[in-house]
Structures are given as C-alpha cells and as structure tokens.
Amino acid sequence: MSKKPDSPDVTEVMGQPEEENEDIGAQFYREHLRQLERSLGEVEIEDHVQLVLSEPKNEVIVNFPVRLDDGRYELFTGYRIQHNNIMGPYKGGMRYHHDVTLDEVKALAALMTYKCALLEIPYGGAKGGIRINPHEYSHREKEAITRRFTHDLGHNIGPDYDIPGPDMGTNSQTMVWMMDTYMNMQGMNDKNAKRRVVTGKSLASGGSRGREKATGQGVIYCIQEWANENGLRLDGATFMLQGYGNVGSNAAQILTRMGAELVAVQDHTGAIYNPEGIYPRKLAQWVNEQGGVQGYEGAQALEAEEFWAVECDICIPAALELQIDADVAQRLNCQVVVEGANGPTTVEGDAVLQERDIDVVPDIMANAGGVVVSYFEWVQNKRSERWQLQEVDSRLHYKMKMAYHEMRAFAREHAIDNRTAALAVALDRVNQVYVERGIFP
C-alpha cells in the first residue's frame, strides 16, 4: 500500500494546471482536484485507486433536436457523467442551467461519489444536465426537451444502473417526465418496476414524503450538531442565505421555526437585509411570483459587498459553486459556513476561513440530505412501500448525525479541517472496496 509521502501528486494524476480565461466549470473542476489532493495526504490510498478515480468511468454526451412552440427547431446538448459505481448504482441530479459545462458536471459527479461514501449510501456518483436557461422555455417545450433527452440517454440510465434526480433548474415534474418516458421505452410486463429509474418524483407519481425539503432539512441537522458542539443556542441565532431556491427556502423555513432569524438573502437578482428578521414563507411567495428576492418589501436592498459582510451567526451558501473566494471569506462576519450548495468555497477561501477561525461544514456533508432521502425513495419504490414523514425524517437525522460525527472525529484525530476530513473518510471507504475486490481481470 502506498504511504502518504509517496502518493502521486493529484495535480499530475487527476488534473491540469490553471489556464487563462478558463470558464467557471473548468475552475470548479480544478478547485475540486486541489481540495481532493489535501485529503489524499491524510489517508493511505492505493495508487491504482487514485488512478481509477482520476477520471469518470463514462462521459455520455447527446445532441438532440426539439421543435419549439414557434415551429423552429433547436439543437440541445445534454450530459450524463458517470464517475464511479464501485459502491452501487450511479446516482446524481440533472441540472438545467445556462452555465452547465462538461467540466462542471464532471466535478459534481465526483462529489456525488464521495458524498454517498461519506453517508454510507450504497450508490456511486453521477451528474447530468443540459446547457439551457429553463425560464426561457414554455412548459410544453421543457417537457419535450426532457422527454427527448431521456429517450436519447436510453440504456445509459436505469433503476439499478444510473438513477437521476432533480437539481438546479429541475424539479419533481421534470423527474416525472423522465420516469414516464423511460417506462414507456420498456416492455409491458415490467414497465411499473422501472418507476425507481429516477428519484425526486412527486408524491402522486411514486415520490417520497420529505424529499422536497430533504436537502434543506439535512443542512439544518448539520447546523444542530454544530451548534450543540459549539454551544450556540439556535433560538435567537441569526443566519444569512445565498440562494433562495429549493435548498435555501426550505432551510430558512425550518431554521426559523426553531427560533433563528433570517437577516439577509442574496440571489441572482440582488440582495436584501432586515436586522429584525425576514419571513421565509412570505419571501418564498415573493420569489415564486417575481422570480427573485429583489424588490421584496419586507427588507432593504444591499450591494453584494455589503451582503457578505452582514453580521450573523450562520452563513448558508445555497446557490452556485465558487462563491466564497479569499476576498469574500475575509469579509464574512459569522461563526460557521454551512454549505448548502456544491463547491461554494475555493481553496483560498477555505484557507482564509481557517485563519479567521470560522468553521465550515462542507458540501458533501451539509447538503447530503437530498441523496439520502432519494435513496429512501428508491427503496420504497423497490419494496412497494410508502413511509410516513416522521420515519423519513428520523432515518435522515440518524444518517446525517452519524456521518457528521465520523467527519468530526477524523478531523480532531488528524488536526485537520472538516472538508479534508470528510473527503478523507469517503476516500478511505472507496479504497477499502477496491482493495477487497481488486481490478478485473
């Protein structure tokens, strides 16, 4: 087994040097590799396992035409990146966003591999998406795009092979369209057995109770564990959010029910602030009607620089990747950053947060609630069961709590930060499976 000092440089094995003018997806992929390199220095990983993990197993790219409402045809590009399936079927969301790139999806797929390993969910990592702005297409057009994308993916997805779920720009309706399309591509005898080909479906079409709020709920479970460990009383605590989509809005509503106050929110339309507290449900209604937080009457407008400097106890980035760089980290005025988004903090941002003694609960831990409850949905479909919300939440709480304390125990034992510890725990579990199973032939 390779000892830590002799392990190959991950930037040689797993990445390339930074290039000028690289897009945000390429930057994100490079940042992921840099974070992974730190974790590889904390555990003994076989060289051949590092080599296997250096690239996705499969990169599926499909180009497909769709007829729009005005009669024009548009050619779309869809991705499905399958990073690793040594722990179980590929699992990961489908993202509809105008900045989707191959490198971004590769990084997200890898994070899913490690997220599932950390939470001990028997899945591997995958991710997919289409480079579109979903707000620019009608309901019928989005259905047509989704169904054609699913059809062209064909047998690259399947209920025991690769199981998509919702992500940014997609929702339960998107998943139901994917499910129905896939089911209608199967033989009549086992058509209904294919219902679990996707998760995140609506309750009526086979989804799980608690799935819609699962990622936000998981974020709150992590906040509770951190607060207990650090002596913070959540009743009366203050928090800020970047992003007010599914994750941010659900986290805000759950946390305010515990007595905390939402004091600032930022999204793609602007930033708002109210030191007396912002009502999450009213803000969610405003965002649904207006498309963003800008103009919300229950708070005052803020500039981006002012937003990051708002004094609070908890900062929850729940939008896009690479938001907290060194400059933003220097301005933050909080006790802890709990990453509801994937990859919101750069390596330099992490270093500044450590220097300033601001704790971080990393993405693969904090936002894992979605994939955990997706697994619960998959199991319910497989068994033809329907669990009550209390059971779903209880099982989720147990999973999140166990993983959180395993991460913290590793961090304390090795005197390292939480992100490095979380990735190290996940890598060690993946490595153990490869060591036991070997490489065929």
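The values are calculated or read from the model by the stated rules, or taken from the named source; none is laboratory data. Just so we're clear, the structure is a prediction, and the values are computed from it rather than from any experiment. Methodologically, a virtual Cβ is constructed for each residue, glycine included, from the backbone with ideal geometry; neighbour enumeration extends over all protein chains shown.
Within region 254-283, the set of residues being buried (at least 17 other Cβ atoms within 10 Å of the Cβ), among the small types (Gly, Ala, Ser) and either more than 23 Å from the chain's Cα centre (by Cα) or farther than 24 Å from ILE324 by Cβ (or both) comprises just one member, ALA260. With respect to TYR73, determine if the residue is without any contact (Cβ under 8 Å) to a residue 24 or more places away in the chain and among the aromatic types (Phe, Trp, Tyr). Taking the combined requirement at face value, the residue satisfies it.
For the residues GLU385, GLU406, the requirement of being among the acidic types (Asp, Glu) and either under 19 Å from the mean Cα position of the chain (by Cα) or part of a helix (DSSP H, G or I) (or both) singles out GLU406.
Per-residue answers, yes or no, for (1) free of Cβ contacts under 8 Å to residues at least 40 places away in the same chain; (2) of a type in the set (Lys, Arg); (3) more than 30 Å from ASP162 (Cβ to Cβ); (4) assigned to a loop (DSSP other than H, G, I, E, B):
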position: GLN285; (1), (2), (3), (4): yes, no, yes, no
position: GLU289; (1), (2), (3), (4): yes, no, yes, no
position: VAL293; (1), (2), (3), (4): no, no, yes, yes
position: LEU320; (1), (2), (3), (4): no, no, no, yes
position: ALA329; (1), (2), (3), (4): yes, no, yes, no
position: GLU348; (1), (2), (3), (4): yes, no, yes, no
position: GLY370; (1), (2), (3), (4): no, no, no, no
position: ASN381; (1), (2), (3), (4): no, no, no, no
position: GLU391; (1), (2), (3), (4): yes, no, no, no
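Please work out which one of (1) in a loop (DSSP other than H, G, I, E, B); (2) crowded, with 19+ Cβ neighbours inside 10 Å; (3) not hydroxyl-bearing (Ser, Thr, Tyr) is the condition GLY71 fails and give its number. All conditions pass for GLY71, except number (2). Of the residues making up region 35-94, just one is basic (Lys, Arg), touching a Ser or Thr at 6+ places or on another chain (Cβ under 9 Å) and assigned by TED's automatic domain parsing to the domain that holds LEU118, namely LYS91.
Of the residues making up region 313-326, those that are of a type in the set (A, V, I, L, M, F, W, C) and surrounded by 22 or more Cβ atoms within 10 Å (Cβ to Cβ) are ILE314, CYS315, ILE316, ALA318, ILE324. Applying the criterion of being part of a loop (DSSP other than H, G, I, E, B) and modelled with pLDDT under 95 to the residues of region 297-318, the residue that is nearest to the chain's Cα centre (by Cα) is GLU303.
Tell me which residues, restricted to region 40-68, are more than 30 Å from ALA415 (Cβ to Cβ) and part of a helix (DSSP H, G or I). Matches in region 40-68: none. Scanning region 193-230 for residues that are touching a residue at least 60 places away in the same chain (Cβ under 8 Å) and in contact with a strand residue (DSSP E or B) (Cβ under 8 Å, 6 or more places away or on another chain) returns ARG196, THR199, GLY200, VAL219, CYS222, ILE223, TRP226, ASN230. Of the residues in region 66-84, how many are touching a helix residue (DSSP H, G or I) at 6+ places or on another chain (Cβ under 8 Å) and either small (Gly, Ala, Ser) or closer than 20 Å to HIS155 by Cα (or both)? Selection size over region 66-84: 8.
Here's the yes/no breakdown for (1) out of contact with any Phe, Trp or Tyr (no Cβ under 8 Å at 6 or more places or on another chain); (2) closer than 22 Å to GLU212 by Cα; (3) assigned by TED's automatic domain parsing to the domain that holds LEU332:
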| position | (1), (2), (3) |
| --- | --- |
| LEU241 | yes, yes, yes |
| ILE254 | yes, yes, yes |
| VAL265 | no, yes, yes |
| TYR279 | yes, yes, yes |
| ALA284 | no, yes, yes |
| VAL293 | no, yes, yes |
| GLU303 | yes, no, yes |
